[in-house]
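The values are calculated or read from the model by the stated rules, or taken from the named source; none is laboratory data. Remember, it's a predicted structure, so these values are computed and weren't measured experimentally. Using ideal geometry, Cβ is built from the backbone for each residue, glycine included, and neighbour counts are taken over all protein chains shown. To get the accessible areas, we keep the full protein, side chains included, count just its heavy atoms, and leave off ligands, DNA and RNA. Shrake-Rupley method; radii C 1.70, N 1.55, O 1.52, S 1.80 Å.
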Amino acid sequence: MARVCTICGKGPGFGNNRSHSMVATKRRFNPNLQRVRVWIDDVPRRVYVCTRCLKSGNVQKAI
């Protein structure tokens, strides 16, 4: 599964893990995606949406 929000297109961010000795290893920050039923083109569909889009009301949930 691609870790991308269907609405805003937010994907993972990348950075470094830092140990106590400051050794850097690669890591990724995945967005908080939820699988919800939303109305897309007047059809309810299950898509992955980030929580920021859900909280801001960018999607209309299908019940």
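Things worth noting here:
- The candidate values are (1) 21, 39, 20, 13, 6, 1; (2) 22, 47, 28, 3; (3) 21, 42, 29, 6, 0; the one derived from this structure for P(r) over Cα pairs in 10 Å bins from 0, in percent carries the label (1).
- Solvent exposure ordering (accessible area, 1.4 Å, most first) of Phe29, Phe14: Phe14, Phe29
- The chain - mean residue ellipticity at 222 nm from DSSP helices (-39,500 (n - 2.57) per run, n ≥ 4, rounded to 500): -2000 deg cm²/dmol
- Placing +1 on the Cβ of every Lys and Arg and -1 on the Cβ of every Asp and Glu, with no other charges, gives the chain a dipole of roughly 260 debye about its Cα centre.
- In the chain, Cα pairs under 8 Å separated by at least six residues give a relative contact order of 30 percent.
- Given charges at Cβ of Lys, Arg, Asp, Glu: the chain dipole, positive-most of Val4, Val59, Phe29: Phe29
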